[in-house]
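Q: Let me begin by handing over the structure; questions about it come next.
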Amino acid sequence: ALDGLPEGIVRIDVFAAETAVAARTVLGTNKEYIPLRVNTLVGTGVSRVISKYAGTLSLIDTIIEGSLAVADATLTAKINGVAVTTGVVTIAQAGSAAGDKDSATPTGANTVAVGDELSLTCGGGNTTATVANAWFESTRT
């Protein structure tokens, strides 16, 4: 028997955490990923999703489904219509192709409450109706 325990008995280590956030952090489950599909990277359209979690936006990831033409595209992250500080993802036209990944790391105005609107506003001069799939990474609070 391991650890002096009888055969068939399993040792379970228990930890104590001061808060739910601390417990989720120890368990590695303190991040939530909220997907959002941007149907076209042309124009100034806005794509929206509702947050089901309270937290702090820590990363915005994107992957495109095709190439861009003429110019770069941008996606500006907002929470309830307020721009997230350093929350702009720039997708470069030069050398772009399906599968290109880009990201932004928010540094301010990035606190999210349950029920808040998360959005990405398209910008730039791209002329190809390419789709972008995005994820908001939120560190739960």
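The values are calculated or read from the model by the stated rules, or taken from the named source; none is laboratory data. Keep in mind the model is a prediction, meaning the values are calculated, not measured. Every residue, glycine among them, receives a Cβ derived from its backbone with ideal geometry; neighbour counts consider all protein chains shown. Only protein heavy atoms, including side chains, enter the accessible area calculation; ligands, DNA and RNA are left aside. Shrake-Rupley method; radii C 1.70, N 1.55, O 1.52, S 1.80 Å.
Q: Quick check: anything in the stretch 123-135 in a loop (DSSP other than H, G, I, E, B), within 12 Å of the chain's Cα centre (by Cα) and either surrounded by 13 or more Cβ atoms within 10 Å (Cβ to Cβ) or not charged (D, E, K, R) (or both)?
A: Within the stretch 123-135, none of the residues are in a loop (DSSP other than H, G, I, E, B), within 12 Å of the chain's Cα centre (by Cα) and either surrounded by 13 or more Cβ atoms within 10 Å (Cβ to Cβ) or not charged (D, E, K, R) (or both).
Q: Another question, then. In the stretch 75-82, is there at least one residue being open to solvent by less than 10 Å² (accessible area, probe 1.4 Å) and over 19 Å from residue 32 (Cα atoms)?
A: Taking every residue of the stretch 75-82 in turn, at least one turns out to be open to solvent by less than 10 Å² (accessible area, probe 1.4 Å) and over 19 Å from residue 32 (Cα atoms).
Q: Restricting to the stretch 115-141, name every residue that is in contact with a strand residue (DSSP E or B) (Cβ under 8 Å, 6 or more places away or on another chain) and among the β-branched types (Val, Ile, Thr).
A: Matches in the stretch 115-141: 121, 130, 131, 139, 141.
Q: Quickly run through the stretch 103-137 and pick out the residues that are at positive phi and among the aliphatic types (A, V, I, L, M).
A: Passing the criteria: only 109.
Q: Ok, one more. Is it the case that the stretch 26-34 has a residue that's in a loop (DSSP other than H, G, I, E, B), hydroxyl-bearing (Ser, Thr, Tyr), farther than 22 Å from residue 100 by Cα and open to solvent by 50 Å² or more (accessible area, probe 1.4 Å)?
A: yes
Q: Within the stretch 48-67, take every residue that is of a type in the set (Gly, Ala, Ser) and not in a loop (DSSP other than H, G, I, E, B) and give me the one that is surrounded by the most Cβ atoms within 10 Å (Cβ to Cβ).
A: 55
Q: Follow-up. Hey, can you tell me all the residues within the stretch 97-115 that are within 22 Å of residue 20 (Cβ to Cβ) and buried (at least 16 other Cβ atoms within 10 Å of the Cβ)?
A: Result: 110, 112.
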